[in-house]
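For reference, the structure discussed in these notes is given below.
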Amino acid sequence: MRPLTPRPVPDHDLPTAANAHCAYAFECLVASFEHRQPLSLAQVDELWVQYRGSKIDYRHIDGDGAEQDDGESDADEGAEMDEPVAARPAAVSRLLTMDDAASAGSSNSSLPLSTRSVASSTPSSRGKGSGAGTPASSRSSQASVGRSGGREKYPLFVTWNTTSRSGHKSLRGCIGTFEPQELEYGLRSYALTSAFEDVRFSPIPASLLPSLSAHITLLTNFSQPTKDPLDWTLGTHGIRISFSVHGRRYGATYLPDVAQEQGWSKEETLVSLMRKGGWSGSSSRWLSTWREGKGELVRYEGKAVGLHYGEWRDWREWATAGTGVRSQGLK
């Protein structure tokens, strides 16, 4: 286990994941099932912005198809609001007819999975609740981090959850890295790694798509390592720990929302995390084990943003109708 050296992220911007990032994770996952290249992050980001804009773009259209603004208030008593215009801007076609070589270069889903530095950040038990937040509605879409083609670098985690018909959420995969990744590469890489290579679960099959939600957490505000295991705030900080037992170094991490979702105290969170790292001692001895094992803790922050498959499917069908780009897996 390497020392807990915090990795810097750009200090000009405190990163927050966006719904478009979750849509890109779904795009990569579905593309892997369909044996096709996914859209690039830049394409998904711009199409998502246009899609959200189309949902609030209410215009009056005359019989010749011309846009009109009659100046009347939609709040007038008895007034009827026209149906939203089906947006098919020229920019959509332009985005999806980029040079093939460039598109292949930015969207290649063949990745060296075995060489990645990965970590899971959620409780190991399948029976417990999700390790990430509930899906944020696409109607509150945030602006994407940067707008430079996904070349910004951030530590990140990708979480997949399933929701049963009764509304029960279950973790289905969560893997990420503390090594800053170019956003497009990192999202694509860990979307697939989390879906197919989390050893706690069998690979996600296409049949689970309708119940699936994607959650992205970009990590920031890393602290310096501290010996104090309680030097963090529930609901605000994620924690990464490292400690030794009989000469062997152990380590594990939980994202900021895990402890609060599980209803744990700080002490319960530490015991769970130490067990997740591989320690099997008595819970009453966690603090002495920590001290004797020269435990270290790094706290960090990150807000999870989520998107359900149904929301991604609606966006993808809109993009398909506007561009003719087909996707065979929409269910």
**Message:** Would you confirm, using the coordinates I've provided, whether SER283 is touching a helix residue (DSSP H, G or I) at 6+ places or on another chain (Cβ under 8 Å) and not β-branched (Val, Ile, Thr)?
**Reply:** yes
**Asked** Out of the residues in the range 199-215 that are open to solvent by less than 10 Å² (accessible area, probe 1.4 Å) and of a type outside the set (Val, Ile, Thr), which is nearest to the chain's Cα centre (by Cα)?
**Response** HIS215
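Quick grid of which residues meet (1) surrounded by 19 or more Cβ atoms within 10 Å (Cβ to Cβ); (2) in contact with an Asp or Glu (Cβ under 8 Å, 6 or more places away or on another chain); (3) closer than 18 Å to THR122 by Cα:
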| position | (1), (2), (3) |
| --- | --- |
| ARG240 | yes, no, yes |
| GLU268 | no, no, yes |
| TYR300 | yes, no, yes |
| TYR309 | yes, no, no |
| ARG313 | no, no, no |
| GLY322 | yes, no, no |
**Prompt:** Are any residues in the range 187-218 in contact (Cβ under 8 Å) with a residue 24 or more places away in the chain and aliphatic (A, V, I, L, M), and if so, which ones?
**Reply:** LEU187, ALA191, LEU192, ALA195, ILE204, ALA206, LEU208, LEU209, LEU212, ALA214, ILE216, LEU218
**Request:** List every residue pair whose Cβ atoms lie under 8 Å apart, where the two residues are 6 or more positions apart in sequence or sit on different chains, the first residue falls within the range 301-313 and is without any contact (Cβ under 8 Å) to a residue 24 or more places away in the chain, and the second residue, located anywhere, is surrounded by fewer than 20 Cβ atoms within 10 Å (Cβ to Cβ).
**Result:** ARG313/LEU330; ARG313/LYS331
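The values are calculated or read from the model by the stated rules, or taken from the named source; none is laboratory data. Just so you know, these numbers come straight off a predicted model, no measurement behind them. Please note: Cβ atoms are built from the backbone with ideal geometry, for glycine as well, and neighbour counts cover all protein chains shown. Each accessible area value is taken on the protein alone, full model and side chains, heavy atoms only, with ligands, DNA and RNA left out. Shrake-Rupley method; radii C 1.70, N 1.55, O 1.52, S 1.80 Å.
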